[in-house]
Amino acid sequence: MEHKIAPSILSSNFLNLRSEIEMLNKSEADWIHCDVMDGVFVPNISFGFPVLEQVRDIAAKPLDVHLMIVNPDKFIPEVKAAGAYIMNVHYEACIHLHRTVCAIKQAGMKAAVTVNPHTSVALLDDILEELDMVLIMSVDPGFGAQRFIEHSLQKISTLKEMILRKNLKTLIEVDGGINRETAKLVLEAGADVLVAGNAIFKSNDPLAAISEMKCLGRL
């Protein structure tokens with residue numbers, strides 16, 4: 001299966017958000033990654049549902065919504081209404097994770113769970129069958145332009161082994177410090193979806209940057 005590219009609009013130019021989304025519409029990107037931060041679960045604030053709704057109205061690609069917030073269960077209807085294809089919640093933020101995952105699916109979205117760098121993927125063993133995707137954070141969440149944490153490669157490999165052992169189709173997404181060099185490493189470790197921010201939006205040619213990452217799986 002060819003891997004997916006999900007550019008993170010957290011690194012986009014919000015003064016020209018329409019043009020940034022229209023660029024992604026024309027690109028080889030598969031999804032649009034939207035990071036929602038509350039300043040509590042992570043030490044930063046990004047954007048909320050009004051911005052998501054504007055993105056929804058012009059995006060031609062599915063929205064991959066990543067909630068870095070406390071009590072994500074409260075906002076499942078709002079995330080669905082904002083146009084999310086897949087809703088991503090943190091393992092560390094959900095007291096009753098199975099209930100949250102079931103509620104996401106009942107709302108008509110794909111369900112994904114994120115694990116922070118300090119969280120073992122082994123903790124997902126009892127719920128892996130219920131998940132459409134697992135997002136491995138390869139930096140500490142909250143800010144862009146951080147350095148890739150090398151140990152993430154072992155976590156990807158371990159999770160891939162768990163998925164194959166259970167004969168599942170759960171995707172592995174990786175977010176944090178992804179560029180052309182680290183993208184190749186995480187794909188070799190077993191990743192299926194790459195989230196990239198600065199490597200795309202801060203490049204001289206974002207369309208080419210996306211195409212280059214997409215081509216890595218074709219070499």
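Every number in this text was worked out from the coordinates using simple rules, so none of it is lab data. All values derive from a computational prediction rather than experimental measurement. With ideal geometry, Cβ positions are generated from the backbone for all residues, glycine too; neighbour counts draw on all protein chains shown.
Quick notes on this structure:
- For the range 10-23, the set of residues classified as in contact (Cβ under 8 Å) with a residue 60 or more places away in the chain, within 30 Å of Lys169 (Cβ to Cβ) and of a type outside the set (Ser, Thr, Tyr) consists of Leu10 only.
- Check on Ser138, surrounded by fewer than 21 Cβ atoms within 10 Å (Cβ to Cβ) and either touching a Phe, Trp or Tyr at 6+ places or on another chain (Cβ under 7 Å) or not basic (Lys, Arg) (or both): no
- Residues (surrounded by fewer than 17 Cβ atoms within 10 Å (Cβ to Cβ) and either over 17 Å from Asn71 (Cβ atoms) or β-branched (Val, Ile, Thr) (or both)) located in the range 39-56: Val40, Pro43, Asn44, Ile45, Pro50, Val51, Glu53, Gln54
- Set side by side, the residues Ala103, Ala93, Ala84 differ, and just one is closer than 17 Å to Asp175 by Cβ, out of contact with any strand residue (DSSP E or B) (no Cβ under 7 Å at 6 or more places or on another chain) and crowded, with 16+ Cβ neighbours inside 10 Å, which is Ala93.
- Residue satisfying all of: in the range 3-38; among the charged types (D, E, K, R) and surrounded by fewer than 17 Cβ atoms within 10 Å (Cβ to Cβ); nearest to Glu78 (Cα to Cα) among these: Arg18
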